[in-house]
Amino acid sequence: MNKRRKSNTGRQKRSSPADVSQDKGGQSQRKWYKVDLHLHTPASSDYEEPKTTYLEWLRTAAERDLDIVAITDHNTIAGVGAVRHEIEWLTRLESENRLTKEERERLTEWRELSERVLVLPGFEFTATLGFHILGIFPPDTPVRQLEHILLSLNVPVDKLDIGSTETGAATDVLTAYRLIHEAGGLAIAAHANATHGVAMRNFAFGGQTKIAYTQDPNLDALEVTDLDKRYRSTARFFNGSKSEYPRRMHCIQGSDAHRLVMNERNPKRLGIGERATELLMDGPTFEALAEVLRSTQFDRTR
């Protein structure tokens, strides 16, 4: 989907001293990159703008100045497959000199946007008891491999392409973390403090279970919905200061967007990039992203 890395052509940002980490020789090493790792596409059955094209989706991500995004549809990678199919089809037509003017313009825009925004394939898996978990993978992970992971998580074959939040019995949370991790992905607890989150309040399951679900070594980060509340944020609860939660967790936020832009009549229905996270990284790559989330350098997340 994104085989080249980006030059950010046309939207270079000026970095202030606070935005760039430097080595002893004064050379820039790291900078803050803007990421949104929880985004849906029309492949999710509850997407609110089903007529949206995937090119419009990526164009919006670029307009929001996002450096990395992830496609995380419900229990499917159909959206990932649709993006790859369109690019591969247009590229094939180009090689055969069969592109129409409109198709050529579309392929050019796909390539330009792909240089600006790294798109990571993934999914939002519904585990037993209805808990949601994000699995996010390197950009060139084959579609068949991603489908195999979902099947290993017991997503029914007949639901693999419909983008439903319902999966039946599926797989328990801890096994899901492990399978995603073993497959080379990042396991992130989706909206952990809210509905369908592994740390949500007022849910009748034991404290030891909640500890396990938020402290498991195969879990890379917690996505929370109140990061902007600072001292009242869920992130403060997982800062390692509590004896029962000794592992400090990276807490990030994502838009969980089911539309391109916010619904003005319902501001809780966010659009792409409207609840993003900034990470201090060596570059806009999956490897750099994983390195930050698996580190103990918590000042590299904001």
Cβ-Cβ under 7 Å pairs, at least 6 apart or on other chains, region 245-262 side in a loop (DSSP other than H, G, I, E, B), far side buried (at least 18 other Cβ atoms within 10 Å of the Cβ) and hydroxyl-bearing (Ser, Thr, Tyr): Met249/Thr214; His250/Thr301; Gln253/Thr225; Gln253/Thr277; His258/Ser44; His258/Tyr47; Leu260/Thr60
Does any residue of region 158-167 turn out to be aliphatic (A, V, I, L, M), open to solvent by less than 10 Å² (accessible area, probe 1.4 Å) and closer than 22 Å to Pro42 by Cα? no
Please identify the pairs in which a residue from region 32-52 that is more than 18 Å from Ala62 (Cβ to Cβ) has its Cβ atom under 6 Å from the Cβ atom of a residue that is open to solvent by 10 Å² or more (accessible area, probe 1.4 Å) and outside any loop (DSSP other than H, G, I, E, B), counting only partners at least 6 apart or on another chain. Ala43/Ala78
A careful count of residues in region 218-244 that are part of a helix (DSSP H, G or I) and either hydrophobic (A, V, I, L, M, F, W, C) or open to solvent by less than 40 Å² (accessible area, probe 1.4 Å) (or both) gives 4
Kindly indicate which of Leu186, Leu174, Leu153, Leu134 is modelled with pLDDT of 95 or more, touching an Asp or Glu at 6+ places or on another chain (Cβ under 6 Å) and farther than 26 Å from Ala276 by Cβ. Leu174
List, please: which pairs have Cβ atoms under 6 Å, are six or more places apart or on different chains, and start with a residue in region 87-116 that is in contact (Cβ under 8 Å) with a residue 24 or more places away in the chain and in a helix (DSSP H, G or I) and end with one that is open to solvent by less than 90 Å² (accessible area, probe 1.4 Å) and aliphatic (A, V, I, L, M)? Trp110/Ile87; Leu113/Leu58; Leu113/Ala62; Arg116/Ala62
Hey, any hits in region 55-68 for a residue that's free of Cβ contacts under 8 Å to residues at least 24 places away in the same chain and either closer than 28 Å to Glu278 by Cα or assigned to a loop (DSSP other than H, G, I, E, B) (or both)? yes
Residues located in region 178-189, provided they are outside any strand (DSSP E or B) and buried (at least 24 other Cβ atoms within 10 Å of the Cβ): Ile180, Gly185
Criterion first (open to solvent by 70 Å² or more (accessible area, probe 1.4 Å) and either closer than 23 Å to Asp36 by Cβ or part of a loop (DSSP other than H, G, I, E, B) (or both)) does Asp140 satisfy it? yes
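The values are calculated or read from the model by the stated rules, or taken from the named source; none is laboratory data. Just so we're clear, the structure is a prediction, and the values are computed from it rather than from any experiment. Virtual Cβ from ideal backbone geometry, glycine too; neighbours counted across all protein chains shown. Calculation scope for accessible area: heavy atoms of the full protein, side chains included, ligands and nucleic acids excluded. Shrake-Rupley method; radii C 1.70, N 1.55, O 1.52, S 1.80 Å.
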